[in-house]
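Take this structure, written in structure tokens, and hold onto it; I'll ask about it next.
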């Protein structure tokens, strides 16, 4: 691409200026008054852009992008009992959703059964409650796992819940070779941001590597690891921190898998990413473009990947939950639309759009339908899907992309110098960077340098309450009763034997997945399996800092 | 010189989303208070024991998971059992209006819902603790 010369704009000193706040992105990056060719003297279109579908994939991983295939519309969903969530899934599939994404409740994410003391008050509140293979059979009842791709956000107990999913597929008679979906199995970002960890970092990394190895051999169409920046951003990071910490986490997983003896081109094509789609429209598009470029370069030049598919960064995006407001909740539909638009213009492979009521609770059916319709309007009415990377070549966007890339590479180098992500986490480096950024942002909001419509500006006194999904405490009772029944009727000798074998495997170096599968098939519960692993690996406690 | 107000910021339940708790802790500290942050996954018993040992005047609970109706009343009971009714409890997080009203009836001094400003929270703590 040749950059055409612009006629020099007239002196801007006389032009009106807004002075109530500095012009920066939401992450605090200063924005110049105007972007033209003089801001792109270091920009080389052949090196920095390439064509869509060509290295370094800045413009997207496919030549035709959405002309060939739209992104997967995948709404993250799960609440209360497996029976209730199953009905929601059937509804979403009938409405034209093209993949499922399971949200689990906090006890499940923390490896506790629904009847554990720590689960009190939390069962079914933030997602669906799953304690055993029996619950998983109910969750996917009537849903053909060979045809519907399933993403699971599960992290610490990922290998256990994935084993339950694989066991349900066996019971449905579905060949594992035809299973497709993604495991959000990125434990590093838990220590960094979301804090739903069970075991210490090194044994957790071993479990993740076990799933990568097992998946590479046994489930060729399933993505065993989605490397996630979403939660880093929700914890208050900047766009650059989200990008840099996520890619550096990715590097860590690749290094562990190579150490295990896998060939990079065997597993790298099945790695995928998950990014936030936040408010700042151009900053977000730049972030996705820089992500593809850095990853392609890293895989080729740092790890020597040869397969083109290993170089292509595929990503899921979710609009920013933390940007939603309780005040004037219908404004959230507008925020979500703009954020989703940035994800699409940034070339996402799948997308979740938040519902207008999610600042309050998990979404109602009405709200989640509007959120899905938002994606359908973007896909079929807006026209933005007709040309790949339609903003490519914009002076502003290319400058932002180059700067985002350089800043992210700076962080990646610093973490390399610390010896990798685990030492960096142990030093609290990413945690502290994020906490500082989130505090700075909050202070900018308090000073009204950052405007949040309906919250610190344009407030209204007369707000109509909206319908909110209520999850009662009967879920815990219902799930606990089912568990008591299961424990009374299963073959408890088989359960004990399988848990003993799992512990011995965990103490050694065998891949734990086959042992976890045996325990799951014997109807050992999630809590029992995680307890067996806790006995071997210990539990993690972070040093809390403010 | 005035003795600084002592505040325990606590994160009960299983939820790990500590962005809000950490921001509040920092804002109260920047406002001159002595802040103790418990870290994650505290039971009501652990929180009340920490409040006793640290001799705080205020406990701030951050709850985003919907478990507030199980956790907060238990904290209030334990404070009462230990003759610590003078400790003010404030709650922040995703708390629906009707739950906020019910918690206040159980003795919670204030509930700060999404969108509350740091200034409001700092001012409330200053006003509610006798000098």
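Just checking, how many residues over the range A:189-221 are away from chain B (no Cβ under 14 Å) and over 16 Å from residue A:108 (Cα atoms)?
The qualifying residues number 22.
Could you tell me whether the range B:37-46 includes any residue that is in contact with a helix residue (DSSP H, G or I) (Cβ under 8 Å, 6 or more places away or on another chain) and part of a helix (DSSP H, G or I)?
So far as the range B:37-46 goes, yes, one or more of its residues are in contact with a helix residue (DSSP H, G or I) (Cβ under 8 Å, 6 or more places away or on another chain) and part of a helix (DSSP H, G or I).
If you don't mind, another one. Quick one: residue B:58 ticks every box in (1) in contact with a strand residue (DSSP E or B) (Cβ under 9 Å, 6 or more places away or on another chain); (2) at pLDDT 95 or above; (3) within 14 Å of chain A (Cβ to nearest Cβ) except a single one, so which number is it?
Only one criterion is unmet by residue B:58, namely (3).
Quick one: count up the residues across the range A:468-492 that are loosely packed, with under 12 Cβ neighbours inside 10 Å and either more than 12 Å from every other protein chain (Cβ to nearest Cβ) or more than 21 Å from residue A:322 (Cα to Cα) (or both).
Within the range A:468-492, residues that are loosely packed, with under 12 Cβ neighbours inside 10 Å and either more than 12 Å from every other protein chain (Cβ to nearest Cβ) or more than 21 Å from residue A:322 (Cα to Cα) (or both) number 6.
Would you please name the residue that is surrounded by the most Cβ atoms within 10 Å (Cβ to Cβ), looking only at residues in the range B:111-131 that are more than 10 Å from every other protein chain (Cβ to nearest Cβ) and in contact (Cβ under 8 Å) with a residue 24 or more places away in the chain?
Checking each candidate, the answer is B:125.
Name the residues in the range B:72-97 that are modelled with pLDDT under 95 and in contact with a helix residue (DSSP H, G or I) (Cβ under 6 Å, 6 or more places away or on another chain), would you?
Scanning the range B:72-97 gives a single hit, B:95.
Residue-wise test of (1) modelled with pLDDT of 95 or more; (2) surrounded by 23 or more Cβ atoms within 10 Å (Cβ to Cβ).
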residue: A:129; (1), (2): yes, yes
residue: A:147; (1), (2): no, no
residue: A:158; (1), (2): yes, yes
residue: A:164; (1), (2): yes, yes
residue: A:185; (1), (2): no, yes
residue: A:193; (1), (2): yes, yes
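Filter the range B:21-55 down to the residues that are within 9 Å of chain A (Cβ to nearest Cβ) and touching a residue at least 40 places away in the same chain (Cβ under 8 Å), then identify the one that is surrounded by the fewest Cβ atoms within 10 Å (Cβ to Cβ).
Filtering the range B:21-55 for residues that are within 9 Å of chain A (Cβ to nearest Cβ) and touching a residue at least 40 places away in the same chain (Cβ under 8 Å), the one surrounded by the fewest Cβ atoms within 10 Å (Cβ to Cβ) comes out as B:27.
Is it the case that residue A:43 is within 14 Å of chain B (Cβ to nearest Cβ), at negative phi and either surrounded by fewer than 22 Cβ atoms within 10 Å (Cβ to Cβ) or in contact with a helix residue (DSSP H, G or I) (Cβ under 8 Å, 6 or more places away or on another chain) (or both)?
no
Restricting the search to the range B:92-110, which residues are more than 14 Å from every other protein chain (Cβ to nearest Cβ), within 22 Å of residue A:465 (Cα to Cα) and not in a helix (DSSP H, G or I)?
Within the range B:92-110, just B:110 meets the criteria.
OK, next. When the range A:80-127 is examined, which residues are found to be assigned to a loop (DSSP other than H, G, I, E, B), under 16 Å from residue A:363 (Cα atoms), within 14 Å of chain B (Cβ to nearest Cβ) and touching a helix residue (DSSP H, G or I) at 6+ places or on another chain (Cβ under 6 Å)?
A:124, A:126
The values are calculated or read from the model by the stated rules, or taken from the named source; none is laboratory data. This is a predicted model, so every value here is computed, not measured. As a convention, Cβ positions derive from the backbone with ideal geometry for all residues, glycine included, and neighbour counts pool all protein chains shown.
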